[in-house]
Each structure stands twice: as structure tokens, then as C-alpha cells.
1. Just tell me how shielded A:95-101 is by partners: mean number of partner chain Cβ atoms within 10 Å of each residue's Cβ, no decimals.
2. Please state the shape class of the range A:75-154: rounded when a/c is under 1.5, otherwise prolate if a/b exceeds b/c and oblate if not, all from the C-alpha gyration tensor.
3. Show me the trypsin sites (Lys or Arg not before Pro) within the range A:48-112 that DSSP assigns to loop and that have at most 10 other Cβ atoms within 10 Å of their Cβ.
4. What does the charge dipole of the range A:75-154 about its Cα centre add up to, to the nearest 20 debye, if the Cβ of each Lys and Arg holds +1 and the Cβ of each Asp and Glu holds -1?
5. So the label point goes 7 Å from the Cα of A:Phe44 along Cα→C-beta, right? Which residues of the range B:359-396 then have their backbone N under 20 Å from it?
6. Could you tell me which of A:Phe44, A:Gln147, A:Leu60 has its Cα farthest along the dipole of chain A towards the positive end, charges placed at Cβ (Lys, Arg +1; Asp, Glu -1), taken about the Cα centre?
7. Taking 2.2 N^0.38 Å as the expected size of a compact globular protein, what ratio does the Cα radius of gyration of the range B:343-478 give against it, to two decimals?
8. Taking the Cβ-Cβ separation of B:Asp259 and B:Ala328 as r and a Förster radius of 22 Å, what is the calculated FRET efficiency to the nearest 0.05?
Amino acid sequence: MEERHLDREVITIWRQRAIIVNVVFWLVITAIPVCTALFDWPRFFYWAAAILGGLNVIHLILFVFVFPSIRYRTFFYAIRREDLLIQEGIFVISQIVIPFTRVQNVETEQGPLLHKRHLTSVSVTTAADTKEIPALAEQDALNLRDQISELIKENAIHEV
Amino acid sequence: MKSEGKRIHFFSIFIDFLNTLRSLILPLGIGFFLGFRHFFDDYGFLLLIPLFILISDFVGWLRTRYEITDEHFHLRSGVFVRKDRYIKVSRIQTIQVSTNILMRPFGLVKVKFDTADADKSDVVLSVVKDEEARRIKQLLGHGDEQLEDLENASAPDSLIRPAGKKSPNRVFKLSGKDLLIAALTSSNIGVIIGTAGAFLSQADDIIPDHFFNSSVGYLAHLTFIFIILLIVLAALILWLASLAVTFIRWGGFTLSVTDETWRIQKGLIQITDETYKLDRVQAIRIKEHWLQQLFGLCTVFAEAIGSVSEDKESGGSILVFPIVRKKALPSFLEAAIPRFAGTIETKRIPMRGVIYALLKPTLLLSAICTGLTWFFSWGKFTWIGVPVIILYFFFSFRTSGFSLKGHRIVFTDRMLAKTTVITLKKHIQTFTKEASRVQRRLGLGCSRFSIRSSSPQTYENNQMDQKDAEKLFQWFRN
């Protein structure tokens, strides 16, 4: 069984996404003291803003500097004859098995961040849930998609 | 217009009308109450709304037709935008025939059926004649009577299915005694308290202020004991109401089992008659409340693809039978759905798992109590509750377990009610194994599987032995 990993660039993408979210949070958080000063809201709001700001710094540290590399290290997927195995997690490591007979569709998706780095995400949907492989090189993703859809055909879905 | 197919019964206009009115009046009604004085001056035109609804229902009825051909059920509807739905007869999973107090005197019923496609809504024929419903069921292969008077129906030859309809193998009827037990141990009381609470919060708006003031003033004069008596009385009334609700909902509960289908009939006022295909059942769920457990009883549910059940309590799953004695459960399953039958004894999770699981609630409770003690003088007394709650959690976690035999897997756990899920390998969609660093060090792990139902369901077993988790994982992969 061959363990396949994500493209290394995914760490950068996770960081970029976290930074975008973080910046949005900062905008909201700075709006609080500004409004408090302008509209005479109770002083209590300064404290709230300070606490939120602190939390946001923690968010920045964790999601930009700590988590992406851990997530990259723990993540792998493996294609076996009849199923797809995905391992992921940061503190809690989980392994999920999706038999190809249960797969309903395979989907590739590419947002602007992924597009810039020529990466694509692949998600696999069963009747119960959807699992995503976050970033693969474009060609790898297409190959994987074709491979899975080929395997789905081989393991012809019996209608249950 | 060329007349193709049949119309649903004329009466449906009024039923639809009443339903729309009811759904309009409930939210609007309170608003009307408040502005009632100026109602006819300012909002008199609102009285025209029912007229519009009636007209639109009439046109909608005019434009709705259905027909059943050899392979398809064909429904055409829509006033401006015409909708044509073709549904393969073989794809229809469930048929529900229901009637209520309004329709019953006229021998009218509502027919509803569901396909495996979760995205599309159910198909509803809101009012048809009883005989017509029976004919539809027959044509869709869910009937249970002989095809006799169908020779003169629209497309005669191909209709008669080779698989002759047999009489049911087993019929389970909910006896009066069991119904009483079900009512006594049911959890409906929670629902009723919720409704009563919602009503009381609304009552604030409805009851005039002066009345409220005087009645509260009156209450203040009563002695403390009398108020307690009132509360007890209220609880008693609620409980009686819950009894009544259970009687009405589950009265006449009958489960008829054939080789391929379940036919479930229930209700005293709103009578429903549902037919399910057995091969659509994905899992059996057995639920025991504390009270039920005390008397050795349980309730049996089934998770199936495309169920039409509206039972809120069961969350979209099929209520197979409300009360089964724990002792009789194996034989009940054997008769009702053999492929899920077998023992439901499970191997419990290890003690270190229970203790590890307790860690989280203990820390959380301690934090809350510390906070309360810090800020309030009465806070220190909350510590008395902590051991009680921890003990409760201890027994809850102690219930968890699993059992694996051949292709059949059983998971048991408890939050409020003890729930046992039985499913087969072929019904499991995905399987997950999970462990945190601490869990790995303690040799613990989680297992989780998801199955397909009217909404996807996930069942998990936390803090099981790591070896067992690995065993289950490998079992699913091979």
C-alpha cells in the first residue's frame, strides 16, 4: 500500500487562508473600540475587544505557524484495490476508509489560491458524507479522479 | 386540453386551503390580537387573502394530474410553470397512506411516497378516494390484496406482477396493556412541557395586563404549600396529556411482516398506513429510556433509505414497534427482519476508557462550580451536585460497547437513552478510526461508521480498546 502525500505547497495555502480569516477578524475587532468611542457604548466593550484581540493573536500563531505543518505531516491517502484510505488530523489522528462501491461521485475543485499554484482539491462523496483531499498537483488530481471513477465503474455499484 | 391521467379528489382543494390557512393564522394570529381594534378599518382587505388562496388551490387542483403506466408514475402539476415528474415504479421505496378526522368520514385518504433520491421532495397526492389509494398501492407493487378488479383499469395486462401478494408472515399488534405501558414510559412528557412553556410565554401577550396583574396578586396571597400543590397538579395534567398523546399516536399500532415488506399501521385520529421495502433498511436502532430499562422494555426503530415518517421523536427513522420486551427482542428481530437478528450483548469499553472519558465532564463541571463559588455566596453548594452528575456519566459511559460477528456489527452507547445500533458491513458507507495522542498512550481509540438513511447517520464508540478499534477497522477493510 503506497502512502501518498499532499503537495508541499499546501502549507502555504493553509497559511494564506488562515491569514485572510485572521485579517477579517481584525477588521471586526477594531470596529468594536471605534464604535465604542464614537457612539458612547459602555466601557465594557473595550475589554471585550481586548480579549477578542488576544484570542485572535493565538489563532494567528496556531493556524499560521503551528497547525499547517502538523496537518501536512499527518495527512496521507492511499488507494487500495477496493477502497480509499485517508488519514488526517492535528491532535486527534483519524483514518477513514471509503470503499469504492460506496462512492457516488468524485469532484475536483480549484479556488483562486489553489489556481495560482496549479493545485486542485479532490473530494469524494458517498451517500453519507464527503471527504476531501485538500491539494494535489493539477495533473495528479485529474489522474486520481479518473482512477477513482474507473474503480467505481469496475466495482459496479449495486443498487441498495 | 387532452385529458390524460386522473385528477386527485376535488376535496383536496378544501384540505389544501385549510392547511394553508392554518399555517398562516398561527404566526399571524397573535399579531391580529394586538391590533384587533383597528383591524377592520386598516386591514379589512386582508380578508380577501383566503379567497385568493381558495382560487389558487382550485386552479392548482385543475392542473394536477397523475397516471401510472407500466414503468412510471407520472405526475403533472404547477399553475404557471408546468412540472412533469416521472418516477420509476421500481424506485419507489415507501408508500404512506394516511387519513385524519376531516377526511375519514368521506372515505378519503392522503397518499405519499418517497424515492431513494434524498434531494427531491416526497410525492404527495393530498386527497384521493380510499379505493383509488388501494389501486395505486397495488399498481406500485406495494399492495397486499389480490388484484381482482384491475382488469378494467387503464393498462391491464402488464399490471399483474408475477410476485403474487402473500398474506403477511407475522402480524404484531400493540396490545392495550402494552399501549398503556408505552404511554406510561414514553418520553412525550418532555415535548408537552416544551409546548406548554411556549404557550405560556405567548400567553403573556394574549392575556390582558389587568387580568394578569390581578391574578398574580392573587397568587402572592397563597401559601407556599398551595403553590407547590398547583405545580404538582400541573405536572399531573401534563403527564395525563402525554398519556393521551401517546394513546392517539400509537393506538392500534400494527406491524405486518411479509418477506419483502413491512406494513405499519398506527394512530387513532390521524391514521397512517405505511409500507416499507425491507431491503431498504440500513440499520436497526433499539432505544431504552431509563424507565423502560427498569421494566426490561425497549423501542425498535429502523433507519431506511427514503422513509416518509414525520415522527419528530424518531428523527426521520421508522418506528418499527413502540414496546418490545427485552427478552422477546431476539425472536422479534428474527421474525421482523432476519438479517439483523442475533445477540445484542456487547463487549464493554475498558475501565481506563471510562475514566478517561470522565475527565472532560469533571474538568468542565469543576470549572463551572469554581466560577460560581467565586462569584456567588451560594456557589459552594453546587459542588454537592458534581459527584451525582459524574456518577451519572460514569454509568452512561459504562454502557458503551460493541460486538462483531460475521458481517454484523453492534454499537451501544447512552446519553439519555441507551441506544443500540445493529447494522451490516454492506450497509456501512464509511468507517473511521480515530485516536488522540493521550488516547494512543492509554491504548484507546474511537470507531465511527456512517450509514445512509433519510438523513445520513453516524454512530460512534469512543474510548474502546485500541486493539478492538484496529480490529473493527480491518474488518471493514477486508
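No lab work stands behind these numbers, since they all come straight from the coordinates. These figures come from a predicted structure and were not determined experimentally. All Cβ positions, glycine included, derive from the backbone under ideal geometry; neighbour counts span all protein chains shown.
1. What the average comes to for A:95-101 is 6.
2. Oblate, because a/c is 1.5 or more while a/b does not exceed b/c.
3. Here the trypsin sites (Lys or Arg not before Pro) that fit, given the DSSP loop and packing criteria, are A:Arg81.
4. Computed about the Cα centre, the dipole is about 80 debye.
5. Within reach of a label on A:Phe44: B:371-377.
6. In chain A, that residue is A:Phe44.
7. 1.24
8. The pair B:Asp259/B:Ala328 has a calculated efficiency of 0.55.
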